[in-house]
Amino acid sequence: MSDREAEVLKILKSSSQISRFKEFLKKMLHHRKALAGLIILFSLVLIAVVGYFAAPYNPFSTNAPPFQPPTRQHLLGTDYLGEDVLSWFLIGTGTSLFVGFSIAIISAFIGVLVGVTAGYFGGQVDNVLMRIVDVLLVIPGFPLLVILSAFLPPTLETTIIVLSILSWPFLSRVIRSQTLSLKQRQYVLASKLSGLSGFQIIFRDIIPNLIPIIFINVIFLAVAGVVAQAGLAFFGLGDLRSVNWGTMLYWFEAEDGIVYNAWWWLIPPGLGIVALGIGANFLGNAVYELTQPSRGGQ
Amino acid sequence: MVTLGYVIRRFIYMLITLFVAITLNFLLPRMVPGNPALLILITKYAGNFNPNQLKLIESELNLRGTLWQQYIGYWNDLLHGNLGPSYYFYPETVNQIIASRLPWTLFLLGTAMLISVIIGVIIGSYSGWKRGLSDNLLQAVSIGLTSLPYFWLALIFQLVFAVMITINGRHLFPVAQAYSITVTPGLNLPFIESVLWHSTLPIITLVITTFPGFALLMRNTVVTVLDEDYLLLAKAKGLSIKTIRKRYVNKNAMLPVTTSIALAFASIVGGAFLVEEVFSYPGIGYALYTAVTVSDYPLIEGIFLIITLTVILANFAVDLIYAYLDPRVVLK
């Protein structure tokens, strides 16, 4: 094959990839579950943006009486110090989403790199990487998180780094098995014949085809990250002065919100987490149904 | 079929995993800047101590000598089953604390897991078999339920059933603890009643968030099994629907559920810890929470070790049981 032919082949491939991606986006917007998922996630982002620019109070200002049920001035009441729960929730949504998506992006990066490398190169590389993944998957996650966080400085950055390091193994397994099947396709063979190196093939042929899977896993990793960070904060670990869903629940528990029947303080952060989970699952199911339409079910 | 080679290989993997976990457990506290022995003395005695005390605590915490010597000493202690002293519960040792708390956690986890698997298998089998409405309902409900964070659900239950709702001035369920102070622990009816009453909310919390996973898995495998050729044969033979469901579908579909129990166990542990924190349930998770809040490092390490050990052993066991349960699986 001449250089020119290889060039033409590449252009053909890349244009078909772009149009496939566009087509995929179009299908997403016409899929009921996908649309519902997107709307939920978008609303949460909107809440975060509102919180960042227009929270009604400084979350640390304590001018109101403590444990006050919802009023006109404080739509979600006040906490044990008289801080405005609505402002905590609005700003906390931003922090929680930021933490979740930071973790998701870092760990997806590691997971994709490890999975593609193991799947594409196979042999000893695959063996060693997958053994490491096995070990990480077997060690119970939450206790490991607790012990790491207990010994490292209690900052939000620590939490993000620790969770990123522990979150990638499962994704790397998924990516590896996908890579194993993609590697057998005709167009990968064509690229090989045209003399592209292993890494070129990975970045041009393999990873672009994994984008729907990576996308949905980033969302799931973000949900898992938000929940894990909240769990850690609830356990008294990490930066407890940070305003997020986890610290809201921690202070509720630590300052006896139960005794004061302070449901207005308990419900918002939990509903935030549930909404995020439901949104992600809708989107995940939709992507699964759209990418594997041959499978039975609906 | 399981070959000896397979068992040996799984065993070696298990040992490697254990080795990694234990080494991590040794290294982490030593990576923290500062001297933990000094920290204890400063926090406990506000600086009123002499150098001998420091040496004593250092040797008790196995902090003397080079890192390598400490590592050898650590393994030595470990192989003698000695997890060291607890800072906070002193003079109680970490061993004693774990021994008295672990049964409570295992009780919660074991019961919750058993109930979740049973409910999951029944619902999953039904909706996989019937499809249609029940199937869609299962998917929607399980999405909602699995998105519930354990500890938030626990707090909601605590608020609603142990604080808000009262009948004749009495609360439906207790807010905290594993049994009431009026009963004497032992094999007597009031104690058992009290234990069950106290564990209801924690167990329900764990079950609600755990069973949907099993139900979905069961549903999916039932759907797959229904397409198998041997089912066509069974129908052609004229076997009753009931026999087919029981003997052919459910039995085969149970297999993946069995293996997933080990993985679910690793994740439910975290949930159980948080639920224990909410209900001040005297298990190992609540001990870990206490240890974290008072920086009781030996206790944190000890609990991590025991839990990791349990989960790794459970995984190993399930690997072997699976091959035994499914004669089609040949593991070399």
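Show me the trypsin sites (Lys or Arg not before Pro) within the range A:95-203 that DSSP assigns to loop and that have at most 16 other Cβ atoms within 10 Å of their Cβ.
On the way: sites: A:Arg131, A:Arg173, A:Arg176, A:Lys183, A:Arg185, A:Lys192; in loops: A:Lys183, A:Arg185.
Sparse-neighbourhood loop trypsin sites (Lys or Arg not before Pro): A:Arg185.
Work out how much length B:Tyr88 to B:Ser280 would gain on full extension: take 0.36 nm times their residue separation and subtract the Cα-Cα distance, in nm to one decimal.
On the way: separation 192, 0.36 × 192 = 69.12 nm, distance 1.71 nm.
Separation in residues times 0.36 nm, less the Cα-Cα distance, equals 67.4 nm.
At a Förster radius of 51 Å, what calculated FRET efficiency corresponds to the Cβ-Cβ distance of A:Leu137 and B:Lys235, to the nearest 0.05? Spell out each step's value before the answer.
Working: r = 39 Å, r/R0 = 0.77.
Result of the calculation: an efficiency of 0.80.
Decide, for chain B, between rounded, prolate and oblate: order the square roots of the alpha carbon gyration tensor eigenvalues as a ≥ b ≥ c, take rounded if a/c falls under 1.5, and otherwise choose prolate if a/b is larger than b/c, else oblate.
Working: a/c = 2.84, a/b = 1.53, b/c = 1.86.
It comes out oblate by the Cα gyration axes.
Could you compute the FRET efficiency for B:Thr23 and B:Thr258, with r as their C-beta to C-beta distance and R0 at 35 Å, rounded to 0.05?
Numbers: r = 31 Å, r/R0 = 0.89.
Efficiency at R0 = 35 Å is approximately 0.65.
Using 0.36 nm times the number of residues separating B:Lys242 and B:Arg30, minus their current alpha carbon distance, what extension gain do you get?
On the way: separation 212, 0.36 × 212 = 76.32 nm, distance 6.09 nm.
Gain in length upon complete extension: 70.2 nm.
For the range B:194-270, which trypsin sites (Lys or Arg not before Pro) are both in a DSSP coil and crowded by at most 10 other Cβ atoms within 10 Å? All intermediate terms of the calculation are to be shown ahead of the outcome.
Working: sites: B:Arg219, B:Lys235, B:Lys237, B:Lys242, B:Arg245, B:Lys246, B:Arg247, B:Lys251; in loops: B:Lys237.
In loop regions of the range B:194-270 (DSSP not H, G, I, E or B), the sparsely surrounded trypsin sites (Lys or Arg not before Pro) are B:Lys237.
What span do the alpha-carbon atoms of chain A cover on each of the three principal axes, reported in whole Å from largest to smallest?
Largest first, chain A extends 79, 44, 36 Å along its Cα principal axes.
What whole number of Å gives the distance from the Cα centroid of the range A:24-102 to the Cα centroid of the range B:111-189?
Centre-to-centre (Cα) distance: 28 Å.
B:Ile261: net charge of surrounding residues, Cβ under 15 Å, Lys/Arg +1, Asp/Glu -1, itself excluded? Kindly include the intermediate steps, with their values, before the conclusion.
On the way: positive: none; negative: B:Asp319, B:Asp326.
Here the charged neighbours net out to -2.
What FRET efficiency comes out for B:Ser134 versus A:Val50 if R0 is 30 angstrom and r is the Cβ-Cβ distance? Round to the nearest 0.05.
Details: r = 40 Å, r/R0 = 1.32.
E(calc), rounded to 0.05, equals 0.15.
For the range A:73-196, state what percent of all Cα-Cα pairs lands in each successive 5 Å bin, counting from 0 Å until the bin that includes the largest distance.
Spelled out bin by bin, the range A:73-196 gives 2, 10, 13, 14, 14, 12, 10, 7, 6, 5, 3, 2, 1, 0 percent.
With a 1.4 Å probe and all protein chains kept in place, how do B:Tyr88, B:Tyr281, A:Tyr250 rank by accessible area, largest first?
Values: B:Tyr88 115, B:Tyr281 0, A:Tyr250 25 Å².
Result of the area sort, largest leading: B:Tyr88, A:Tyr250, B:Tyr281.
Under a point spin-label approximation (7 Å from Cα along Cα-to-Cβ), what is the B:Tyr324-B:Trp75 distance to one decimal in nm?
The modelled label-to-label distance comes out at 3.1 nm.
Where does the charge balance sit around A:Ala55 when Lys and Arg score +1, Asp and Glu -1, over other residues with C-beta under 15 Å from its C-beta? Intermediate results must be reported in sequence, preceding the final value.
Numbers: positive: none; negative: A:Asp79, A:Glu83, A:Asp84.
In short, -3.
Starting from the 7 Å offset along Cα-to-Cβ, what nm value, one decimal, do you get for the label separation of A:Ser181 and A:Arg32?
About 2.7 nm separates the two model spin labels.
Let me have the 222 nm mean residue ellipticity of chain B computed from DSSP H runs of 4+ only, each contributing -39500 (n - 2.57), with the sum over all residues rounded to the nearest 500. Don't skip to the end; give the middle numbers.
On the way: 12 runs with 234 residues, N = 332.
Result for chain B: -24000 deg cm²/dmol, rounded to the nearest 500.
For the protein assembly as shown, with every protein chain kept in place, what is the accessible area per residue (1.4 Å probe, Å²)?
Ligands and nucleic acids excluded, the figure is 48 Å² per residue.
State the extension gain, in nm to one decimal, for the chain segment bounded by B:Phe49 and B:Ile181, taking 0.36 nm per residue of separation less the distance between their alpha-carbons.
Details: separation 132, 0.36 × 132 = 47.52 nm, distance 3.89 nm.
Answer, rounded to one decimal: 43.6 nm.
For the range A:16-67, which chymotrypsin sites (Phe, Trp or Tyr not before Pro) are in a loop by DSSP, counting at most 13 other Cβ atoms within 10 Å?
A:Phe60
How many lysine pairs are close in chain B, with Cα atoms under 22 Å apart and the two 8 or more places apart or on different chains?
11
Determine the total buried accessible area between chain B and chain A, counting protein heavy atoms only with a 1.4 Å probe; round to the nearest 100 Å².
Values: alone 18510 and 15950 Å², together 30530 Å².
Heavy-atom accessible area buried at this interface is about 3900 Å².
Divide by every residue of chain A the summed helix terms, -39500 (n - 2.57) for each DSSP H run of at least 4, and state the resulting mean residue ellipticity at 222 nm, rounded to the nearest 500 deg cm²/dmol.
-25000 deg cm²/dmol
Under the rule a/c < 1.5 gives rounded, and otherwise a/b versus b/c splits prolate from oblate, where does the protein assembly as shown land using the Cα gyration tensor? Write down the numbers at each step before the final one.
Numbers: a/c = 1.35, a/b = 1.31, b/c = 1.03.
The shape class here is rounded.
Within chain A, count lysine pairs with alpha carbon atoms under 22 angstrom apart where the residues are 8 or more positions apart or belong to different chains.
10
Between B:Ile192 and A:Leu75, with labels modelled 7 Å along Cα→Cβ, what's the label distance in nm to one decimal, could you check?
5.4 nm
The values are calculated or read from the model by the stated rules, or taken from the named source; none is laboratory data. Note that the structure is predicted; figures quoted are calculated from it, not measured. Don't worry about glycine lacking a Cβ; one is built from the backbone with ideal geometry, like all the others, and counts go over all protein chains shown. For accessibility, only protein heavy atoms count, side chains too; no ligands or nucleic acids. Shrake-Rupley method; radii C 1.70, N 1.55, O 1.52, S 1.80 Å.
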